[in-house]
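Please read the structure below before turning to the comments.
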Amino acid sequence: MPDVSFTNLLVVVAVAVLAPLVIGFFPRLRIPAVVLEIIGGIIIGPSVLGWVHVDLPVQILALFGLAFLLFLAGLEIDVHQLRGRLLRFAVLGYLMTLVLGYGAGASFAAVGWVSQPLLLAIAFSATSLGLVVPVLKDAGQVHSEVGQTALAAASIADFAAIVLLSLFFSSSGGSTGAKVVVLGGFAGLVAVTGLVVSGAARSMRLGQVLVRLQDTTAEIRIRFAVLLLVAFTVLAERFGLESILGAFLAGAIVGLVDRDSSSHPNFRIKLEAIGYGFLVPVFFVSSGIRLNLTGLLHSPSALVRVPLFLLALLVIRGLPALLGLRANGTRPTLALGLLQATSLPFIVTATQIGVVLGKITSVTAAALVCAGLLSVLIFPPLALTMLRRSEPASAPAVTEPVAEPHLM
């Protein structure tokens with residue numbers, strides 16, 4: 001047996017268990033578990049108690065947790081909903097986000113807080129789809145005009161942000177032009193793989209075998225999904241792209257192929273159990289451990305970055321919602337802006353890559369993550385209040401159940 005200690009992992013997993021328990025005992029807090037997981041990691045990490053550091057077992061599981069997080073996010077993208085007016089609104093809104101984000105990044109670069117304005121623009125351009133959906137469900141607005149607009153905007157933002165981060169800030173290096181060519185080749189390979197998987201899914205004989213093995217110890221559908229996740233992650237790395245892009249596209253292909261779940265209703269539940277029950281919490285707790293809160297608190301000039309980054313996030317992602325003001329109305333539009341400005345997981349991912357590449361300091365990364373934490377705590381409750389107040393003027397809600405994505 002290799003000389004590896006699992007003591008740090010034990011504490012990390014304990015925090016992952018305690019975070020949702022706290023929410024369960026105090027439901028009025030209405031705080032996403034991911035927030036408490038990161039805060040718990042900060043407390044047990046070097047910034048506060050110093051009990052835990054990110055050693056090899058924690059690092060490997062956290063890396064796989066990130067891949068699984070992106071896989072599950074891709075799984076929830078409904079490609080068939082992205083069409084017509086919703087698609088135009090989402091694309092135009094995202095382009096507006098990038099323009100505003102680059103302007104904000106250039107301003108922060110002028111004062112020496114960041115060295116790459118584009119990195120900040122990309123980091124702020126994503127929306128946490130998994131935090132948007134519960135708010136819409138609570139307000140009965142998932143199937144309303146504003147609800148569908150929010151879901152389309154979040155889906156486009158998540159996908160585009162991951163592609164841009166991989167394209168411009170991949171740790172493998174290389175020119176952007178070369179990466180565009182590589183990205184095109186990778187996209188072609190992904191498309192071919194998707195067609196092969198889709199064709200295999202229509203095979204009657206294979207379908208019978210899958211049904212026979214899916215709920216046995218073989219868990220064959222889960223194994224196929226994990227195979228696709230690992231394969232796409234490896235392919236993305238071999239193509240010189242960020243592994244998160246491969247993980248996300250693997251989830252998107254599984255979601256696209258797996259449209260009819262009548263013969264395997266527990267498939268996605270099992271995938272979420274693996275991800276959100278084990279791997280993803282390790283990523284978020286370890287992110288809290290890595291957070292340089294000490295440097296942030298010891299520097300007043302660094303601490304002031306948090307509210308400014310939060311304001312920038314609100315402007316960059318919130319203002320594009322005004323494109324739908326005429327169609328949605330005032331209060332739903334304001335709620336949509338708040339929901340679009342709710343982001344945390346992607347900010348954590350982008351800042352970690354930025355620190356590794358030396359594009360941002362650990363203190364700036366900590367300020368960005370803290371701004372993301374505040375966005376999760378402040379924006380969704382405000383959006384929920386506005387949506388509830390606008391219910392009489394909204395389209396009637398449809399009560400049929402919908403799949404609920406998480407985190408991204």
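The values are calculated or read from the model by the stated rules, or taken from the named source; none is laboratory data. What you see is a predicted model; the values in this text were computed from it and never measured. Methodologically, a virtual Cβ is constructed for each residue, glycine included, from the backbone with ideal geometry; neighbour enumeration extends over all protein chains shown. Just the protein is used for accessible areas: all its heavy atoms, side chains included, with ligands, DNA and RNA removed. Shrake-Rupley method; radii C 1.70, N 1.55, O 1.52, S 1.80 Å.
Here is how the numbers come out for the structure above:
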{"read-out": "Karplus 3J(HN,Hα) series, Hz, for the range 303-320 with 6.51 cos²θ - 1.76 cosθ + 1.60 (x for Gly, Pro)", "value": "5, 5, 5, 4, x, 5, 5, 5, 5, 4, 4, 5, 6, 5, 9, x, 4, x"}
{"read-out": "Listed residues Ile353, Val306, Leu206: farthest to the positive end of the dipole of the chain (Cβ charges)", "value": "Val306"}
{"read-out": "Cα gyration tensor shape for the chain, rounded if a/c is under 1.5, else prolate or oblate", "value": "rounded"}
{"read-out": "Cα-projected label distance for Ser261 with Leu92, points at 7 Å along beta-carbon direction, nm", "value": "3.4"}
{"read-out": "Residue-level accessible surface for His53, protein heavy atoms, 1.4 Å, Å²", "value": "110"}
{"read-out": "Residue order for Leu189, Leu82 - accessible surface, 1.4 angstrom probe, largest first", "value": "Leu189, Leu82"}
{"read-out": "Sequence-separation-based contact order of the chain, relative, with Cα cut under 8 Å and 6+ spacing, percent", "value": "30"}
{"read-out": "Taking the range 215-319 and dividing mean pair separation by its residue count, relative contact order in percent (alpha carbons under 8 Å, at least six apart)", "value": "16"}
{"read-out": "Residue-wise HN-Hα coupling along the range 335-341, computed from phi with Karplus coefficients 6.51, -1.76, 1.60 (Hz; x: Gly, Pro)", "value": "5, 4, x, 5, 5, 5, 8"}
{"read-out": "Residue among Val306, Val163, Val355 with the largest mean-square fluctuation in a Gaussian network model of the chain, springs linking Cα atoms under 10 Å", "value": "Val355"}
{"read-out": "Selection from Gly372, Ile43, Ala327, by position along the positive dipole direction of the chain (Cβ)", "value": "Ala327"}
{"read-out": "Top of Gly194, Gly24, Gly105 by mean-square fluctuation, Gaussian network on the chain, Cα under 10 Å", "value": "Gly24"}
{"read-out": "Among Ala154, Ala312, Ala218, residue whose mean-square fluctuation peaks in a GNM of the chain (springs only between Cα atoms under 10 Å)", "value": "Ala218"}
{"read-out": "Residues whose placed amide H lies under 5 Å from that of Thr127, excluding near-sequence neighbours", "value": "Asp158"}
{"read-out": "Percentage relative contact order, the range 9-124, counting C-alpha pairs under 8 Å, at least six apart", "value": "14"}
{"read-out": "Phi to ³J(HN,Hα) by Karplus 6.51 cos²θ - 1.76 cosθ + 1.60 over the range 358-366, Hz, x for Gly, Pro", "value": "x, 7, 9, 7, 5, 5, 5, 4, 4"}
{"read-out": "Probe 1.4 Å - accessible area at Leu319, Å² to nearest ten", "value": "70"}
{"read-out": "Cα coordinate range in the range 314-372, projected on the principal axes (Å, largest first)", "value": "43, 16, 15"}
{"read-out": "Heavy-atom accessible area order for Val99, Val12, largest first, 1.4 Å probe", "value": "Val99, Val12"}
{"read-out": "Ranking by accessible area, most exposed first, for Ser301, Ser286 with a 1.4 Å probe", "value": "Ser301, Ser286"}
{"read-out": "Accessible surface of the chain, 1.4 Å probe, proportion on carbon and sulfur as whole %", "value": "68"}
{"read-out": "Probe 1.4 Å - accessible area at Arg30, Å² to nearest ten", "value": "140"}
{"read-out": "Mean residue ellipticity (222 nm) of the chain, computed from DSSP H runs ≥ 4 via -39,500 (n - 2.57), nearest 500", "value": "-23000 deg cm²/dmol"}
{"read-out": "Segment Val4-Arg388, extension gain: residue separation times 0.36 nm, minus the distance between their alpha carbons", "value": "133.0 nm"}
